[in-house]
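The values are calculated or read from the model by the stated rules, or taken from the named source; none is laboratory data. All values reported here derive from a predicted model rather than from experimental measurement. Neighbour counts run over all protein chains shown; Cβ positions are idealised from the backbone, glycine included. For accessibility, only protein heavy atoms count, side chains too; no ligands or nucleic acids. Shrake-Rupley method; radii C 1.70, N 1.55, O 1.52, S 1.80 Å.
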Amino acid sequence: MNWNKNIEDPRRRLLVKALAAGFFSSAIGSREAIAQALGGRPAPLPAGKSIYRIEGQVLVDGQPATPDTQIAANSTIQTGKDSEVVYAVGETAHLQRSESQVTLETKQADSMVVSGLRVLTGKILSVFPSGRPVRMATKNASIGIRGTGIYMESDPEQTYFCTCYGTADIASMDDPTSRETVVSRHHDRPLYILSGQQAGQNIRLAPFIDHTDQELMLIEALVGRTPPFVFPRDDYRQPRRRTY
C-alpha cells in the first residue's frame, strides 16, 4: 500500500521551500509565507463563510461546491481526483485532500458544533477547540479526541492517525484489546490502526507522513487560533515529511 502516491501541488512545494529558506522564523514571516504559498492571508473566516480555498471537484451534501457554499456541522464533503478543499465549521477547521469522503456529525441538527467526524475514505487534517470531546471513526478505527490537531488517512485495510497535538484515545474496531491513549505535544506518536491481525496487534507505530506544521498553522488561523508550538529557526530547517 502506497500512502504517498499523490504528487504534491506546486504551491505546497513552494511552501516547503519557503520553510527551508527560514521564512518561518517569526509570526509575521509565517503569515506572509503561508499567504504567498497557499493564496490569501490566513485569518478567521467571516461570518457566513465556510470555505477558505477550493480546488477541483468538490461536493457538499451531493451538490457542487463553490467558494460561497456553506458547510454545516452535519454535512458530507467529497473531493474528486486532484482536488482539495480547506474549510471551517464552527470552531473546527479542516484541510481535506483529494478523493476523500468525510461526514461531519453534530448532536443537534441546527448546531454548528462538530461532535464527530466519519472518514469513509481519503485524507484529512483537522483542528478542534480545547476541551471539547469529538468522536472520529473510519472503517477500522474508533478515536476519541480532546482539543486536538490530527491528521488521518482512511483506507479499507488500515487507518493512519497522527495526534499532532493533544490527547487521543485510539482503538481498533475489530479488536477491543488493541487500544492506546496518545498524549502528544508535536506529532509524537503516529500510528497505523489495522484489521485482521492477531489480538492486541492491530495498532502499530507509523512514520510521520503527508502533513506539515504550516498546514496546521493555516487551518488554526481560520478559526482564530495558533498551534501550541513555535518555529524556532534552529530546530525546524526542513519539512518533516517522508514524501520530500
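Those residues that are of a type in the set (D, E, K, R) and not in a strand (DSSP E or B), I need them from the range 102-131; list them, please.
The answer is 107, 110.
Checking residue 124 against (1) over 19 Å from residue 208 (Cβ atoms); (2) crowded, with 19+ Cβ neighbours inside 10 Å; (3) touching an Asp or Glu at 6+ places or on another chain (Cβ under 9 Å): exactly one of these is not met. Which one?
(1)
Would you pick out the residues in the range 189-198 that are part of a loop (DSSP other than H, G, I, E, B) and either touching a Leu at 6+ places or on another chain (Cβ under 6 Å) or at pLDDT 95 or above (or both)?
189, 190
Just to check your reading of the model, which residue among 93, 65, 141 is of a type in the set (A, V, I, L, M), open to solvent by less than 10 Å² (accessible area, probe 1.4 Å), modelled with pLDDT of 95 or more and more than 19 Å from residue 217 (Cβ to Cβ)?
When all the criteria are applied, what remains is 141.
Can you find, within the range 68-79, the residue that is farthest from residue 120 (Cα to Cα) among those that are surrounded by fewer than 20 Cβ atoms within 10 Å (Cβ to Cβ) and out of contact with any Leu (no Cβ under 8 Å at 6 or more places or on another chain)?
68
Take the range 162-188 and flag every residue that is on the phi < 0 side of the Ramachandran plot, in contact with a strand residue (DSSP E or B) (Cβ under 8 Å, 6 or more places away or on another chain) and either open to solvent by 70 Å² or more (accessible area, probe 1.4 Å) or assigned to a loop (DSSP other than H, G, I, E, B) (or both).
Listed by number, the residues that qualify are 173, 178, 179, 181, 183, 185, 186, 188.
Residues that are polar (S, T, N, Q) and under 21 Å from residue 95 (Cβ atoms): does the range 188-209 have at least one?
no
Go through the range 213-227 and give me each residue that's open to solvent by 10 Å² or more (accessible area, probe 1.4 Å) and among the hydrophobic types (A, V, I, L, M, F, W, C).
217, 221, 223
How do the pairs read when you match residues in the range 105-120 that are more than 15 Å from residue 148 (Cβ to Cβ) with residues anywhere that are open to solvent by less than 100 Å² (accessible area, probe 1.4 Å) and acidic (Asp, Glu), using Cβ under 8 Å and keeping only pairs 6 or more apart or on different chains?
That search, which allows pairs on different chains as well, returns 113/91; 118/105.
Which of (1) among the charged types (D, E, K, R); (2) within 16 Å of the chain's Cα centre (by Cα); (3) more than 25 Å from residue 141 (Cα to Cα); (4) part of a loop (DSSP other than H, G, I, E, B) does residue 99 not meet, given it meets every other one?
(3)
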